[in-house]
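Enquirer: Sending over a structure as structure tokens; questions will come in a sec.
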Amino acid sequence: MPLLSAQIGDTMDEGFAPVRLETDRGTVDARLYPAPDGHKAAGTLGVIWLGGVGGGFDSPARGLYARLAEDLTPDGIASLRIRYRNPRALDEAVYDALCGLTFLGRMGIHHVALVGHSFGGAVAIQAAASNRGAVCTVVTLATQGLGTDAVADLRCPVLLVHGEADEVLTPMCSIHVHRMAREPKKLVLMPGAGHGLDETAEAVCREVRDWLKAQLLAR
């Protein structure tokens, strides 16, 4: 993956350091939540958080991404939040995610989970299919169906979470992806939750946190 260089900001703001990934297609902005030095898992485990078509550093479930990025660092799990260069172009967003994987790999982080909301679910699946060696699990939140066929080729565990009251993407999207995925896999439908999963934010947080810890800390 043509990641030409990376610049990490000197100052930490709200638990993260700003990162600029310079690529042959432009600059990808990111936020790095480093694991504490000295932890036995530090420097080997990480999570990449991927948003939807809204772009920016958007997050479902009432700030889930920032919350879990901070919650996981005491366990030696670093996080990288990606801001797409073009949040409406799937191929370009997958490229951005792969550049994030390359960046973490250069830091020595070679066991990574990919978490994606909505459009980001397809991004996570395609990026995992393109870099199977580094990705040890995929989590999708209210994923779209378009662009997810590659889930059938994944050999890592997959968690799918979807709101039963999703007004944007029907829960059938995640049900369909779940049917295509190989074992081990898990589908969780949240009663009363819409597309952003805000109504069940605490339950989503627990589900995703427990899954990520189980998959990453077992490495």
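Coordinate-derived values only; no laboratory data. Predicted model only: the values in this text are computed from it and were never measured. Because the Cβ atoms are built from the backbone with ideal geometry, glycine has one as well, and the counts that use them run over all protein chains shown.
Enquirer: Given 5 Å bins starting at zero, what is the percent of C-alpha pairs of the range 22-139 in each, up to the one with the largest pair distance?
Expert: Values per bin, smallest distances first: 2, 13, 25, 25, 21, 10, 3, 0.
Enquirer: Roughly how many whole Å is it from the C-alpha centroid of the range 183-212 to that of the range 16-66?
Expert: 20
Enquirer: Given the C-alpha atoms of the range 72-195, compute the convex hull and give its volume per residue in Å³.
Expert: About 105 Å³ per residue, rounded to a whole number.
Enquirer: Out of the range 1-107, which GluC sites (Glu not before Pro) are coil in DSSP terms and have no more than 11 other C-beta atoms within 10 Å?
Expert: Answer by residue number: GLU14.
Enquirer: Just one of (i) 25, 18, 17; (ii) 33, 18, 13; (iii) 35, 26, 15 is semi-axes √(5λ) of the Cα gyration tensor in Å calculated from these coordinates, so which is it?
Expert: Step by step, semi-axes √(5λ) of the Cα gyration tensor in Å for this structure corresponds to label (i).
Enquirer: Summing -39500 (n - 2.57) over the DSSP H runs of n ≥ 4 in the chain and dividing by its residue number, what mean residue ellipticity at 222 nm do you reach, to the nearest 500 deg cm²/dmol?
Expert: -9000 deg cm²/dmol
Enquirer: Check which residues have an amide H placed less than 5 Å from GLY163's amide H, if you skip close sequence neighbours.
Expert: ALA142, MET190
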